[in-house]
Amino acid sequence: MKSAKNIVAGNWKMNGLVASLEEIEALATLIDTSAAADCDVIVCPPYTLVCSLAAMKKQKILVGAQDCHVAVSGAHTGDISALMLKDAGASHIIVGHSERRADHGETSALVHAKATAIYIEGLKAIICIGETEAERDNNQTEEVVLGQLKESVPDDATPENTVIAYEPVWAIGTGKTPTVEDVAEIHTAIRKALINRFGDVGAGFSLLYGGSVKPSNAKELMTAKNVNGALVGGASLKASDFNGIIEAYR
Ligand code: PEP
C-alpha cells in the first residue's frame, strides 16, 4: 500500500500584482523547499502570475491555480480552462474552495465536473471540503464533509491526480482552529471513506488540513493522524511564515 505524500500548498487568493513581480519572485525564491526533505511545496498565485512563477527556473516550488472552468475553451467570458492553466505552467488546480462555494454558488456537482476537466489535462486537482460554523454547531461536521467528499470527488480520482483539503469554513482567515483531536477525527473519517470507496488505494490520497495554519501551530496540526500537509492562505504570503510551516516536515 502506497502511503500519502506530504504537501504544503499556499493559496495566495486575490493578492499579488505583476507590477510587483520582482518582490513576488523574491518571495518565491525565499520559499525554502529544502526545509522539508519529504514534502512537495505548491504555490497557487492569482491567474495573472501563474505564467511568471512557473517560468522561474531556479525555484523548486510547484505552481498551481485557484479554480478553472469545466470547458476547454469557448464562450465563457471571464473564465479560464484547465488547458490554459496547463499551458501557463500550472501542475495543480484548487477546486471547491469555500470562498468559491460561498461567493459563486459552486456546488459539489460543479466541483466534480471541474476535477474531471483537470484530469483530462493530466493535472492534479486539490479538492476542498469543509463545514460552516452553523453546521459544526449543529453536530453535522462529519455528515457535511463526507457528503461533499462523495459528491465532489470523481470515480476516477487517484492519489496521483487528486489531493483532498479539509478546510473548516469557520477556521479560514479567522485565527481559529479545531483541536488536533478534532482534526485527526475528521481526517480519519475522510480516510476511511476513501478506503471504503477506492479500496487500498484510498490510503494513498494526501489529506491536507487548511484554516489558520501558522508556523506556531503547524507542527502540532501536521502531526495529527491522517494529516499529510496543509493548505495555507494568509501565512503563505510571507516567506518566513510559509517556511515555518514547511519546516514542520523537516
Ligand atoms: C484558505 O483559504 O485556504 C486558508 C486556509 O486560509 P487561511 O490559512 O488564511 O486561514
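Rule-based calculations on the coordinates, nothing more; no lab input. Everything numeric in this text was worked out from a predicted model, so none of it was measured. Counting neighbours? That spans all protein chains shown, and the Cβs are built from the backbone with ideal geometry, glycine included.
Here are the numbers for this structure:
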| read-out | value |
| --- | --- |
| Those residues of segment 90-116 which are touching a residue at least 60 places away in the same chain (Cβ under 8 Å) and either surrounded by 18 or more Cβ atoms within 10 Å (Cβ to Cβ) or in contact with a Gly (Cβ under 6 Å, 6 or more places away or on another chain) (or both), in sequence order | His92, Ile94, His97, Ser98, Glu99 |
| Those residues of segment 122-136 which are assigned to a helix (DSSP H, G or I), within 16 Å of the ligand (Cβ to nearest atom) and among the acidic types (Asp, Glu), in sequence order | Glu133 |
| Given (1) away from the ligand (no atom under 16 Å from the Cβ); (2) surrounded by 18 or more Cβ atoms within 10 Å (Cβ to Cβ); (3) more than 12 Å from Ala224 (Cβ to Cβ); (4) among the small types (Gly, Ala, Ser), number of the condition Gly199 does not satisfy | (2) |
| Of all residues in segment 161-181 being away from the ligand (no atom under 16 Å from the Cβ) and surrounded by 14 or more Cβ atoms within 10 Å (Cβ to Cβ), the one that is nearest to Ile129 (Cα to Cα) | Thr162 |
| Hits in segment 60-101 - residues which are within 16 Å of the ligand (Cβ to nearest atom) and of a type in the set (Val, Ile, Thr) | Ile93, Ile94, Val95 |
| Options Phe205, Phe242, Phe198: the member that is touching a residue at least 12 places away in the same chain (Cβ under 8 Å), in contact with a helix residue (DSSP H, G or I) (Cβ under 8 Å, 6 or more places away or on another chain), within 19 Å of Ala115 (Cβ to Cβ) and among the aromatic types (Phe, Trp, Tyr) | Phe205 |
